[in-house]
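The structure under discussion appears below in the form of structure tokens.
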Amino acid sequence: MPRLTLAEAQDLATAALAAAGANPEMARLTAQALVAAEAEGQGGHGLSRVPQYAGFLANGRADGNAIPAILAERGGAALIDARHGLAYPALDLALREAAARARRNGVAFLGITNSHHAGAMGLPVAALARQGLVALAFTNSPAAMPVPGGRRPLMGTNPVAAAFPRRDAAPLVIDMALSEVARGKIMLAAKAGKKIPLGWALDAEGNPTTDPNAALDGAMLAMGGAKGALLALVVELLCCALTGAAFGFEADSFFAAEGNRPRLGHALLAIDPGALAGEAGFADRLEFLLAAMQGDPGVRLPGSRRAGLAAHAAADGLEVPEALLAQLQALAAKSAKVA
């Protein structure tokens with residue numbers, strides 16, 4: 001399998017996105033996030049998204065000329081308009097604002113509206129944790145799950161991420177979607193002609209199913225049943241009711257190149273430990289808990305596998321499937337022809 005250094009992957013993805021219509025900053029920040037996700041082993045949010053994003057830019061589902069801006073602000077709170085562009089420039093602005101406002105006010109809440117697919121949400125919270133801040137991030141997504149008692153998809157899988165700075169160690173990062181299983185696993189089962197376990201999804205009539213094709217026409221189930229679905233509802237309200245963004249059922253699927261501009265919402269919360277128990281006190285309590293957790297030999301800290309993969313990728317590069325590499329090179333070649 002072909003292998004690229006992180007810099008080569010970044011340059012290739014940037015060129016491909018620029019050729020599809022992304023402005024230089026959008027292309028750079030998007031490529032940076034996708035390569036970082038790929039390096040952590042999160043291929044579903046990595047380089048495979050480049051052709052998808054290129055399609056969204058080409059057909060108008062995302063505005064490549066968009067430059068995010070602050071719509072409203074008060075103290076530690078601010079609302080950012082992504083202006084229908086890819087999410088990453090708006091997330092970058094939100095990170096900078098969150099860090100500054102949390103240092104100034106002790107806490108900051110940044111909302112983002114009129115946005116797009118936000119990728120691996122562990123990345124922005126980890127960036128804040130590396131600055132000594134506790135961070136939580138939320139995003140909604142196109143409808144995939146029903147509310148408790150319902151059968152039609154109304155809410156997305158609505159990922160939640162959190163990161164906590166550590167003393168002399170990489171941040172503790174927790175990143176998870178609220179569905180029982182990733183939709184990609186159901187798609188793989190359908191391609192392989194295999195059944196899926198009960199509890200993963202419902203068919204179009206709202207019945208539990210082991211048929212992956214029926215599941216793809218129906219709805220995914222939340223992890224933990226009704227409790228997980230209610231958590232997804234909380235995320236939907238944080239990301240959309242507070243920001244004016246579109247709810248999951250108002251956004252067309254990302255699995256189709258054509259559709260509406262999704263207008264999704266994201267929310268980012270940053271907390272300065274120095275405003276509460278103090279940085280030293282926070283670090284002491286965190287490390288005490290982690291040491292207790294690791295007293296059992298089978299415990300692996302959240303995010304440790306991703307961190308290990310990222311370190312390996314930084315040293316040895318990324319393996320990229322030949323078909324995907326060919327796609328990226330073809331997209332990037334369009335940029336060269338235009339130039």
Inset, instruction - Classify segment 29-151 as rounded, prolate or oblate, taking a ≥ b ≥ c as the square roots of the eigenvalues of its Cα gyration tensor: rounded when a/c is under 1.5, otherwise prolate if a/b is larger than b/c and oblate if not. - result: rounded
Legend entry - Rounded to 5, the percent of DSSP beta bridges in the chain classed as antiparallel: 90 percent
Legend entry - Per-residue [θ]222 nm for the chain (sum of -39500 (n - 2.57) over DSSP H runs n ≥ 4, rounded to 500): -13000 deg cm²/dmol
Legend entry - Within-12-Å neighbourhood charge of residue 22 [Cβ basis; K, R +1; D, E -1]: -1
Legend entry - Ranked 73, 258, 250, 40, criterion: other C-beta atoms within 10 Å, fewest first: 258, 73, 250, 40
Legend entry - Diffusion constant of the chain at 25 °C, which comes from Stokes-Einstein with the Kirkwood Cα-pair radius and 0.890 mPa s, µm²/s: 118 µm²/s
Inset, instruction - Treat the count of other C-beta atoms within 10 Å as a stand-in for reagent exposure and order 121, 176, 26 from fewest to most. - result: 176, 121, 26
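If you take every residue apart from residue 254 with its C-beta less than 15 Å away from the C-beta of residue 254, what net charge results, scoring Lys and Arg +1 and Asp and Glu -1?
+2
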Inset, instruction - Please compute P(r) over all alpha-carbon pairs of segment 194-266, binned at 5 Å starting from zero, and give each bin as a whole-number percent. - result: 3, 16, 17, 18, 21, 16, 7, 1, 0
Legend entry - Overall Cα dimensions of segment 145-218, principal axis frame, Å, largest first: 51, 30, 15
Inset, instruction - For every other residue with a beta carbon closer than 15 angstrom to the beta carbon of residue 56, add +1 if it is Lys or Arg and -1 if Asp or Glu, then tell me the sum. - result: +2
Inset, instruction - Rank the residues 210, 113 as a footprinting-exposure proxy: fewest other Cβ atoms within 10 Å of their Cβ go first. - result: 210, 113
Legend entry - Principal semi-axes in Å for segment 156-288 [√(5λ), Cα gyration tensor, largest first]: 35, 20, 13
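All of the numbers you see were taken from the coordinates with simple rules; none came from a lab. All values reported here derive from a predicted model rather than from experimental measurement. FYI the Cβ positions are ideal-geometry reconstructions off the backbone, even for glycines, and counts take in every protein chain you see.
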